[in-house]
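Q: Starting off with a structure, shown below.
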Amino acid sequence: MNSLGSKNSRYISSLFIVRNKGHDKLFPGLVIGAAAYTLLMVGLVAFSVMKGSIDIFSAEGIQFFYQSDWNAVEGRESFGAFPYIIGTLLSSALAMAIGVPISLAIAIFISEIAPPRIGTPLSFVTELLAAVPSIIYGLWALFVFRFWVRDLIEKPLYDAFGSLPFFAKTPFGLDIFTAGIVLAIMIIPIISSICREVMRVVPNSQREAAYSLGATRWETVRVAVFPYVKSGIVGASMLGLGRAVGETILVTMIIGNVIGPSAIPTTLFSQGQTLSSLIANEFNEASSDLHLSALIALGAILLVLTMAINVGARLLVKKKIKPSSGAKSQ
Amino acid sequence: MTDDPRSSKKYSKIVHETVNKKYKKRIIVNKLVTIFTIVCVIAAVVPLASILIEVIKNGVSAISFEFLTQPQGSIGSGSGGIAPAIQGTIIVVGLASLIGAPIGVLAGIYLSEFAREGIFPDLVRFFNDVLTGLPSIVIGIVGYVAIVLSIGSFSVLAGAISLSIIMIPIVVRVTEETLKIVPYSFREAGHSLGISKARITLSIVLPSAKNGILTGIVIAVSRIAGETAPLIMTILGTSLFFTGITGPVDALPLRIWRLASQPYESAHAFGWGSALILILMILALSVGLRFLAQRNTFKVSA
Amino acid sequence: MAIEEPIEADEAILKGARESTSETKKVQESTEKYKVRIEKVNGWYGAKRAIKDVNLNVKDKAVTAFIGPSGCGKTTLLRCLNRMHEMTPGAHADGRVVVDGIDIYDKSIDPVVIRRRIGMVFQKPNPFPTMSIFDNVAAGLRLNGMKNKTILREIVEESLKNAALWEEVKNELEKPGMSLSGGQQQRLCIARALAMQPEVLLMDEPTSSLDPIGSSKIEELVRILKDSVTIIIVTHNMQQAARVSDFTAFMYLGDLIEYGATNQIFMKPEKELTERYISGKFG
C-alpha cells in the first residue's frame, strides 16, 4: 500500500473515532446516572421517613410501640402505635389465611387440572384482578361487598357462634373481617401467578413417574410437584403479605376507622385501624408537628415491616424460578 | 437376587389387598380436591365480575357532558362534574411518566448491558426490588417531607415525583428482563463490526426489545394512574383546575375517595362515575400504547 | 404365602419350552396364555394417527422388544399399554388392550388402577429428588395406601435386591435418591416400579441415557427379571434387542411390520423392510 492510501485510511479511521466519541462517553454516563438515581431514591425514602419521625421518637422513645392512646389535644399529646400494629397484623393474617389457600387452589387448577384452552384465559382473568386500582376495590367494598359479607357470612356466623367471645359483636359489615376478605381478593393474583410459574417449571418426567405408580391427579401434585415448589409458594405468599400490609385506601374505607385503645380488635367483627389507614385518615388534618411526626413514625414502622417481608420473599422466589438466559456483554 | 421366580409373588397378594381397600377413599379425595379448586376459581372470578358490573352500572348514569367538563358544584347538590380531577390525573400522571419512564428504561439498560460484576449493580438491583414493595402511603410521606415541605405547598411536582418513585422500579425490572431475552448474537454482530456499545444498544438491542419495554411502561403508568395514597399528602386535591406546577391539583383516585366519604347519594354517584372514567382512561392507555407499539416495531427474526 | 396355581402351571410349560433348542417353534405351538393381547390399537395425537391398527400378543414371563427407527411409534405403543399415552394433551387411543382377560380400555376401568399393575421405567431416570432411596422405592406403595412399616421395609429390600441395587445401597437407604449415579438411579426407578408387584413392566429405552457399564447391568437385570415379570422394552439399539429379548416387534411409521421370536426376526426376517432395518440400511 502506498503512503497516500494509508494516509486516507488513517483519516477515515479518525473520522470514525471522532464521530462516535459523543455517544461513547455520554450514553454510558446516562445509564449509570439513572441507576444511581435508584439508590438516590432509596436514600430519599430513608431520610424523609427518619427526619419526619424523629420528633415523636425523641419525645416518647420506645413507648411509642406499645402504647395505645392517641391523643392529639394540645398540651396532653400522647401517641401510641400499638393498636394499629395489631390492626395491620390481624387484617393481613386474615387476608393470608383466606388468600393463600385460594391462590394455591387456583394455581393448581390452572397448572395441573385445566386444559390450556381454559387455563390460559383464566390466568388472564386472574391478572385482571391485579389491575383494578385499590380505590375501586374500596368503592365496591364500601357500597356493595360489605352487604354481601354482612348478610351472607357475618350474620349467620353471629347467629351460630355469637356466644363465643371471638364472635360476640353485632356485625354490620365495616370491620376487620370484611377488610381481611377484600385484602385476600386483592392478593390472590400475586400469589397465584407466582405459584403457577414455579409449578410450570417442574419437569413433566416427575409427574409421569407418579402417574406410572398409579397415583391420582391430586396425589401426583402432592408427591411430584409440591416438593419442588414449597419455597416458591412461601415466597409468593410473603409477597402477597407485603401487599396486604401496605394496602391503604381500601382498608381506610371499610375497616371502621377507630382510634386509640378501642382500636384494638377484640372480636372478628370489631372495627379497627391499620398503620396505613390511620396515616391516610389523619395526615391532612394533623393538628400539630408532633401529631404529624407520630403519623410519619407509623409510616416508618410500616416501611421496616414491608421491607423485611419483601426481601425475605424475593430471596425465596428467586431460588425457584430459573433466571432468563443472560445476554450480558463483556 | 433371588433364583426362585415365585418369591416375587410373595408380597403381591398383600399389596393388592391394601391397594384395593384404600382405592375408594383416594378417588373421593381426588374428586374433593378438584371441586375445591373449581370453587376457588369461582371465588376469584365472581368479585371481578361484580366490580366491573357495579362500576359500569352505577357509573354510566352519572356521566354527562357536564360531568366531564365542569368542576364540582356545591357539596351535596349533585351538580357540576369532575373535570379538574380528569385534568389533574392527566397532568400528574403525565409528568410522573416523563420523569419515570426514561430513568427507568436507562437504569434497566444499565443493569442489562453495561453493568459489570460488582457491588454497585447488586445494590441497584437489591434496592430496586425493595422499592417495588414499598407501600404507596410511605412514598406519599416521602413526597411530603422531601418536596411539599421544601417548596412550601402541596403541588403537582410533589405528586409527580412521588408517583415516579413508584413507577421507576417497575420499569427498571421489566426493561432489564426484556433486554435479557434479546439474543446475544445481536450484540456480537455489532461488536464484530467495531460499533460502540452505546450504538449497539441504541440501534440494535433496544429496537428489538421495544415491545416488551413499552408494555412495561404501560403497566407502570396504569399502576400509578390508580394510586390514591401518595396523592393525599402531595397534591392535596382541590376543586379547581390546574394552576401551576407548584400548586395543588385534583386527581381522579383522590376525588373518588373524597366523594365516597361524603354522605350524599349524589356524591356517591359521582364517585362511581369517576371510577368508570378512571378505568376507561387506564384501558385507553393500555390499548393506545400497545397500538403504537405494534405499528412501530421492527419484526426481527432470529 | 399361598402361590396361585395357574402361574405355577404356566411356568412349568414355559420352562420346558425354553429348555429346548428349537424353542421358537415350540413356544408358538404351545397353548400357554398371552399376558397382553393388543388388538387393533390406534394411537392419536390430535388428528394425527401415530400408530395404526396394531395387533400383537405378548407372551407371559418373557421379554418382548419393540424396535424401529425413531418416529415409528414404538414408544407411543408402549405408553398405550399403561394408558399413559392419553395423558399428553390432545392424545387418545382406541382399540383393545387385554391384560389377563381384562380390557384396560374398557369404559368402566379407571386408569389409576391399571397403572399399578403395569409398571413403567422411563428413558431418563426420574427418582423423586426430595426423597431418600428408601422413600423412593416405597413411594408407590405409600401413595396407594400401604402404611405397615414392617412390610414396607421388607418389600423395599426385596425390590432393591430384584433391581440388583441392594448391595450397593443397603447401608445408605436414607440418602437422597439423587445422590446415586445415573445407572444406579435407573435401577432405583426399576426397584420403585417393582415394589408395586406389577405383572407387566414397561421399559422405555431404559439404557439410552446410561454409559455402557450401566447399560449392561440393566440388560443383565432384565434377563433375570423376566422370570417373574412380563417385560416389554422399547429400544432403538438393535443389538440390545437381540441380546435381551425373546420376542421382537418391528415397527415402521406407525405400522407393526413384523413380530416373532427374536432369533427368527434377526436371522430370517420375513419382510423385506425388516431385513433392511436389521442390516442397518436405514435407521
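The values are calculated or read from the model by the stated rules, or taken from the named source; none is laboratory data. Here the structure is a predicted model, which is why all the values come from computation and not from measurement. We place every Cβ from the backbone using ideal geometry, glycine too, and count neighbours over all the protein chains shown.
Q: When residues of region B:197-234 are filtered for being without any contact (Cβ under 8 Å) to a residue 60 or more places away in the chain, basic (K, R) and away from every other protein chain (no Cβ under 11 Å), how many remain?
A: The qualifying residues number 0.
Q: Moving on. Kindly list, by first and then second residue, each pair from a residue in region C:144-158 that is more than 10 Å from chain B (Cβ to nearest Cβ) to a residue that is surrounded by fewer than 21 Cβ atoms within 10 Å (Cβ to Cβ), limited to pairs with Cβ atoms under 6 Å and residues at least 6 apart or on different chains.
A: Within 6 Å, the pairs are C:V156/C:F134.
Q: Separate question: Say whether the condition of being touching a residue at least 40 places away in the same chain (Cβ under 8 Å), on the phi < 0 side of the Ramachandran plot and either in contact with a helix residue (DSSP H, G or I) (Cβ under 9 Å, 6 or more places away or on another chain) or within 14 Å of chain C (Cβ to nearest Cβ) (or both) is met by at least one residue in region B:38-55.
A: Yes, some residue in region B:38-55 is touching a residue at least 40 places away in the same chain (Cβ under 8 Å), on the phi < 0 side of the Ramachandran plot and either in contact with a helix residue (DSSP H, G or I) (Cβ under 9 Å, 6 or more places away or on another chain) or within 14 Å of chain C (Cβ to nearest Cβ) (or both).
Q: It is to be established whether one or more residues within region B:98-118 are buried (at least 21 other Cβ atoms within 10 Å of the Cβ) and aromatic (F, W, Y).
A: yes
Q: Of all residues in region A:177-230 being polar (S, T, N, Q) and touching a residue at least 12 places away in the same chain (Cβ under 8 Å), which is nearest to the other protein chains (Cβ to nearest Cβ)?
A: The selected residue is A:Q206.
Q: Surrounded by 20 or more Cβ atoms within 10 Å (Cβ to Cβ), farther than 30 Å from A:L128 by Cα, free of Cβ contacts under 8 Å to residues at least 12 places away in the same chain and more than 28 Å from the chain's Cα centre (by Cα) - does that describe any residue in region A:161-175?
A: no
Q: Do you know which residues across region C:183-207 are among the small types (G, A, S) and within 14 Å of another protein chain (Cβ to nearest Cβ)?
A: Residues satisfying the conditions are C:A191, C:A193, C:A195.
Q: From (1) in contact with a Leu (Cβ under 6 Å, 6 or more places away or on another chain); (2) within 25 Å of C:L143 (Cα to Cα), pick out the condition that doesn't hold for C:V234.
A: (2)
Q: Here is a further query. Mind listing whichever residues of region B:137-167 are at the interface with another protein chain (Cβ under 7 Å from one of its Cβ atoms) and out of contact with any Ser or Thr (no Cβ under 6 Å at 6 or more places or on another chain)?
A: B:V138, B:I141, B:I165
Q: Let me ask you something else. Which one of the conditions (1) part of a helix (DSSP H, G or I); (2) without any contact (Cβ under 8 Å) to a residue 40 or more places away in the chain; (3) buried (at least 17 other Cβ atoms within 10 Å of the Cβ) does B:D129 fail to meet, given that it meets all the rest?
A: (2)
Q: Kindly provide the set of residues from region B:176-186 that are farther than 17 Å from B:F126 by Cβ and in a helix (DSSP H, G or I), ordered by number.
A: Correct list: B:T178, B:L179, B:K180, B:I181, B:Y184, B:S185, B:F186.
Q: Mind checking which residues of region A:267-282 are surrounded by fewer than 21 Cβ atoms within 10 Å (Cβ to Cβ) and part of a helix (DSSP H, G or I)?
A: Within region A:267-282, A:N281, A:E282 meet the criteria.
Q: For region B:146-172, name all the residues that are assigned to a helix (DSSP H, G or I), polar (S, T, N, Q) and either surrounded by 24 or more Cβ atoms within 10 Å (Cβ to Cβ) or in contact with a Gly (Cβ under 8 Å, 6 or more places away or on another chain) (or both).
A: Listed by number, the residues that qualify are B:S162, B:S164.
Q: Please go through region C:85-135 and give me each residue that is facing another protein chain (nearest Cβ under 9 Å) and in a helix (DSSP H, G or I), ordered by number.
A: The answer is C:M87, C:P111, C:V112, C:V113, C:I114, C:R115, C:R116, C:R117.
Q: What helices (runs of 4 or more DSSP H) completely inside region A:44-149 contain at least 1 residues that are more than 24 Å from A:L292 (Cβ to Cβ) and facing another protein chain (nearest Cβ under 9 Å)?
A: A:82-108, A:116-131, A:134-140
Q: Does region A:107-125 contain any residue that is among the β-branched types (V, I, T), outside the structural domain of A:M186 (by TED's automatic domain parsing) and within 25 Å of the chain's Cα centre (by Cα)?
A: no
Q: Further question on the same structure: Answer yes if at least one residue in region B:113-122 is assigned by TED's automatic domain parsing to the domain that holds B:R258, more than 26 Å from B:I217 (Cα to Cα) and either of a type outside the set (A, V, I, L, M) or touching a residue at least 40 places away in the same chain (Cβ under 8 Å) (or both), and no otherwise.
A: Yes, some residue in region B:113-122 is assigned by TED's automatic domain parsing to the domain that holds B:R258, more than 26 Å from B:I217 (Cα to Cα) and either of a type outside the set (A, V, I, L, M) or touching a residue at least 40 places away in the same chain (Cβ under 8 Å) (or both).
Q: Please go through region C:193-242 and pick out each residue that is small (G, A, S) and under 16 Å from C:G183 (Cα atoms).
A: Within region C:193-242, C:A193, C:S208, C:S209, C:G214, C:S215, C:S216 qualify.
Q: Let me ask something additional. Just to be sure before I move on: is B:E17 of a type in the set (D, E) and within 30 Å of C:R115 (Cβ to Cβ) in the structure I sent?
A: yes
Q: Quick check, is A:D159 within 26 Å of A:S103 (Cα to Cα) and either away from every other protein chain (no Cβ under 14 Å) or in contact with a Leu (Cβ under 6 Å, 6 or more places away or on another chain) (or both)?
A: It is false that A:D159 is within 26 Å of A:S103 (Cα to Cα) and either away from every other protein chain (no Cβ under 14 Å) or in contact with a Leu (Cβ under 6 Å, 6 or more places away or on another chain) (or both).
Q: Right, here's the next one. Is it true that B:V15 is touching a Leu at 6+ places or on another chain (Cβ under 8 Å), closer than 30 Å to C:L160 by Cβ, modelled with pLDDT under 85 and not acidic (D, E)?
A: Considered against the rule, which asks whether it is touching a Leu at 6+ places or on another chain (Cβ under 8 Å), closer than 30 Å to C:L160 by Cβ, modelled with pLDDT under 85 and not acidic (D, E), B:V15 comes out as yes.
Q: Does region A:311-330 contain any residue that is out of contact with any Lys or Arg (no Cβ under 6 Å at 6 or more places or on another chain), of a type in the set (S, T, N, Q) and at pLDDT 85 or above?
A: Checked region A:311-330: no residue is out of contact with any Lys or Arg (no Cβ under 6 Å at 6 or more places or on another chain), of a type in the set (S, T, N, Q) and at pLDDT 85 or above.
Q: Related question: Just one of (1) touching a helix residue (DSSP H, G or I) at 6+ places or on another chain (Cβ under 6 Å); (2) away from chain A (no Cβ under 14 Å); (3) assigned to a loop (DSSP other than H, G, I, E, B) trips up B:I75, so point out which.
A: Status for B:I75: all satisfied but (1).
Q: Scan the helices (runs of 4 or more DSSP H) fully inside region A:153-240 and keep the ones with 3 or more residues being assigned by TED's automatic domain parsing to the domain that holds A:L94 and at pLDDT below 90.
A: Filter on region A:153-240 gives A:155-161.
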